[in-house]
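What follows is a single structure, written as C-alpha coordinates, with notes after it.
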Amino acid sequence: FVAAFHGGDATQFVLQGVFRGAGKQTASAKVAISSLWLVGVPAPYILAIHFDMGVRGVILGLICGFAVEIPLLMYTITTWDWAEIAFAAAKLEVEEAAVCVSQNVSFAAAAAAGCGAAGMQNEDSRVAVAPEEEELPQIVA
(Lines give C-alpha, C1' and ligand atoms only; values in the text may rest on other atoms or scores of the structure.)
Protein backbone atom coordinates (compact mmCIF):
# COMPACT_ATOMS: atom_id res chain seq x y z
CA PHE A 1 0.00 0.00 0.00
CA VAL A 2 2.81 2.39 0.83
CA ALA A 3 4.39 2.02 -2.63
CA ALA A 4 1.03 2.69 -4.30
CA PHE A 5 0.55 5.73 -2.07
CA HIS A 6 3.93 7.15 -3.04
CA GLY A 7 3.25 6.46 -6.72
CA GLY A 8 -0.05 8.33 -6.51
CA ASP A 9 1.49 11.15 -4.52
CA ALA A 10 4.35 11.54 -7.00
CA THR A 11 1.95 11.51 -9.95
CA GLN A 12 -0.31 14.17 -8.50
CA PHE A 13 2.75 16.21 -7.54
CA VAL A 14 3.99 16.18 -11.16
CA LEU A 15 0.53 17.04 -12.48
CA GLN A 16 0.28 19.92 -10.01
CA GLY A 17 3.61 21.14 -11.43
CA VAL A 18 2.12 21.14 -14.93
CA PHE A 19 -0.71 23.34 -13.66
CA ARG A 20 1.77 25.63 -11.92
CA GLY A 21 3.91 25.91 -15.06
CA ALA A 22 0.85 26.70 -17.16
CA GLY A 23 -0.25 29.38 -14.67
CA LYS A 24 -3.45 27.54 -13.77
CA GLN A 25 -2.96 27.09 -10.05
CA THR A 26 -6.58 27.97 -9.28
CA ALA A 27 -7.87 25.10 -11.41
CA SER A 28 -5.52 22.61 -9.74
CA ALA A 29 -6.47 23.88 -6.31
CA LYS A 30 -10.16 23.33 -7.07
CA VAL A 31 -9.48 19.76 -8.19
CA ALA A 32 -7.23 19.01 -5.23
CA ILE A 33 -9.57 20.49 -2.65
CA SER A 34 -12.63 18.78 -4.04
CA SER A 35 -11.07 15.35 -4.53
CA LEU A 36 -8.90 15.20 -1.45
CA TRP A 37 -11.40 16.75 0.93
CA LEU A 38 -14.44 14.91 -0.42
CA VAL A 39 -12.70 11.53 -0.81
CA GLY A 40 -9.15 11.71 0.56
CA VAL A 41 -10.17 12.74 4.08
CA PRO A 42 -13.37 10.75 4.71
CA ALA A 43 -12.09 7.51 3.12
CA PRO A 44 -9.12 7.06 5.50
CA TYR A 45 -11.36 7.77 8.48
CA ILE A 46 -14.01 5.29 7.34
CA LEU A 47 -11.51 2.57 6.46
CA ALA A 48 -9.32 3.01 9.54
CA ILE A 49 -12.06 3.41 12.15
CA HIS A 50 -15.27 1.84 10.84
CA PHE A 51 -13.64 -1.05 9.00
CA ASP A 52 -10.96 -1.43 11.67
CA MET A 53 -8.10 -1.36 9.14
CA GLY A 54 -5.87 0.97 11.15
CA VAL A 55 -2.86 2.45 9.34
CA ARG A 56 -3.57 0.35 6.25
CA GLY A 57 -6.99 1.97 6.07
CA VAL A 58 -5.47 5.44 6.29
CA ILE A 59 -3.05 4.72 3.45
CA LEU A 60 -5.71 3.00 1.34
CA GLY A 61 -8.06 5.94 1.92
CA LEU A 62 -5.43 8.40 0.74
CA ILE A 63 -4.90 6.23 -2.34
CA CYS A 64 -8.64 6.53 -2.97
CA GLY A 65 -8.26 10.31 -2.87
CA PHE A 66 -5.45 10.14 -5.43
CA ALA A 67 -7.55 7.77 -7.55
CA VAL A 68 -10.10 10.58 -7.88
CA GLU A 69 -7.67 13.51 -8.10
CA ILE A 70 -5.25 12.17 -10.75
CA PRO A 71 -7.88 11.42 -13.44
CA LEU A 72 -9.52 14.81 -12.80
CA LEU A 73 -6.18 16.60 -13.18
CA MET A 74 -5.35 14.65 -16.33
CA TYR A 75 -8.77 15.35 -17.84
CA THR A 76 -8.46 19.05 -17.07
CA ILE A 77 -5.04 19.19 -18.74
CA THR A 78 -6.45 17.57 -21.90
CA THR A 79 -9.07 20.31 -22.21
CA TRP A 80 -6.53 23.14 -22.40
CA ASP A 81 -5.66 25.04 -25.57
CA TRP A 82 -1.89 24.61 -25.42
CA ALA A 83 -1.30 27.06 -28.27
CA GLU A 84 -3.10 29.74 -26.29
CA ILE A 85 -1.08 28.95 -23.16
CA ALA A 86 2.18 29.13 -25.14
CA PHE A 87 1.12 32.44 -26.70
CA ALA A 88 0.27 33.88 -23.27
CA ALA A 89 3.65 32.75 -21.90
CA ALA A 90 5.49 34.31 -24.85
CA LYS A 91 3.55 37.55 -24.44
CA LEU A 92 4.41 37.64 -20.74
CA GLU A 93 8.08 37.03 -21.57
CA VAL A 94 8.08 39.97 -23.99
CA GLU A 95 6.34 42.23 -21.48
CA GLU A 96 8.85 41.35 -18.76
CA ALA A 97 11.70 41.94 -21.21
CA ALA A 98 10.29 45.34 -22.14
CA VAL A 99 10.20 46.33 -18.47
CA CYS A 100 13.83 45.28 -18.02
CA VAL A 101 14.90 47.15 -21.15
CA SER A 102 12.91 50.27 -20.24
CA GLN A 103 14.52 50.34 -16.81
CA ASN A 104 17.97 50.01 -18.39
CA VAL A 105 18.66 46.89 -16.37
CA SER A 106 22.10 45.32 -16.79
CA PHE A 107 22.54 41.73 -17.92
CA ALA A 108 23.50 40.52 -14.44
CA ALA A 109 20.72 42.46 -12.70
CA ALA A 110 18.13 41.21 -15.21
CA ALA A 111 19.18 37.63 -14.61
CA ALA A 112 19.05 38.13 -10.85
CA ALA A 113 15.64 39.82 -11.08
CA GLY A 114 14.21 36.96 -13.10
CA CYS A 115 13.82 38.85 -16.34
CA GLY A 116 13.57 36.56 -19.31
CA ALA A 117 16.43 36.03 -21.74
CA ALA A 118 14.89 38.52 -24.16
CA GLY A 119 15.13 41.24 -21.51
CA MET A 120 18.70 40.58 -20.49
CA GLN A 121 21.13 43.21 -21.67
CA ASN A 122 24.83 43.21 -22.28
CA GLU A 123 26.62 45.75 -20.05
CA ASP A 124 28.22 47.47 -23.06
CA SER A 125 25.43 47.54 -25.62
CA ARG A 126 22.33 48.09 -23.47
CA VAL A 127 20.29 46.17 -26.01
CA ALA A 128 18.44 42.92 -25.51
CA VAL A 129 21.02 40.31 -26.42
CA ALA A 130 22.17 36.99 -25.11
CA PRO A 131 25.62 36.79 -23.51
CA GLU A 132 28.55 36.57 -25.88
CA GLU A 133 30.11 33.16 -26.36
CA GLU A 134 33.34 34.21 -24.64
CA GLU A 135 31.30 35.15 -21.54
CA LEU A 136 30.07 31.59 -21.16
CA PRO A 137 32.08 29.21 -18.99
CA GLN A 138 34.26 26.80 -20.91
CA ILE A 139 34.09 23.11 -20.07
CA VAL A 140 37.34 21.23 -20.41
CA ALA A 141 37.17 17.45 -20.63
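Report, by residue number, each residue of region 58-101 that is of a type in the set (Phe, Trp, Tyr) and open to solvent by 50 Å² or more (accessible area, probe 1.4 Å).
75, 82, 87
Which is in contact with a Cys (Cβ under 7 Å, 6 or more places away or on another chain) and either at pLDDT 85 or above or over 30 Å from residue 9 (Cβ atoms) (or both), of 84, 96?
Being in contact with a Cys (Cβ under 7 Å, 6 or more places away or on another chain) and either at pLDDT 85 or above or over 30 Å from residue 9 (Cβ atoms) (or both) holds for just one of 84, 96, which is 96.
Does any residue in region 15-35 that is farther than 15 Å from residue 70 by Cβ come within less than 7 Å, Cβ to Cβ, of a residue that is part of a helix (DSSP H, G or I) and among the aliphatic types (A, V, I, L, M) six or more places away or on a different chain, and which pairs are these?
22/85
Going by the structure shown, is residue 55 on the phi < 0 side of the Ramachandran plot and open to solvent by less than 50 Å² (accessible area, probe 1.4 Å)?
Criteria not met by residue 55.
Is it the case that residue 9 is out of contact with any Cys (no Cβ under 8 Å at 6 or more places or on another chain), over 30 Å from residue 92 (Cα atoms) and outside any helix (DSSP H, G or I)?
The answer is no for residue 9.
Does residue 19 count as under 22 Å from residue 86 (Cβ atoms), in a helix (DSSP H, G or I), aromatic (Phe, Trp, Tyr) and open to solvent by less than 70 Å² (accessible area, probe 1.4 Å)?
Here the answer is yes, as residue 19 does meet what is asked.
For region 22-35, name all the residues that are open to solvent by less than 50 Å² (accessible area, probe 1.4 Å) and in a helix (DSSP H, G or I).
Within region 22-35, 27, 28, 29, 31, 32, 34, 35 meet the criteria.
Here is a check on your reading of the model: is residue 75 hydroxyl-bearing (Ser, Thr, Tyr), within 22 Å of the chain's Cα centre (by Cα) and at pLDDT 85 or above?
Taking the combined requirement at face value, the residue satisfies it.
Within the group 39, 2, which residue is open to solvent by 30 Å² or more (accessible area, probe 1.4 Å) and modelled with pLDDT under 90?
Every option except 2 fails the conditions.
The values are calculated or read from the model by the stated rules, or taken from the named source; none is laboratory data. What you are looking at is a predicted structure, and each value in this text was computed from that prediction instead of being measured. We place every Cβ from the backbone using ideal geometry, glycine too, and count neighbours over all the protein chains shown. SASA here: full protein model, heavy atoms, side chains in, ligands and nucleic acids out. Shrake-Rupley method; radii C 1.70, N 1.55, O 1.52, S 1.80 Å.
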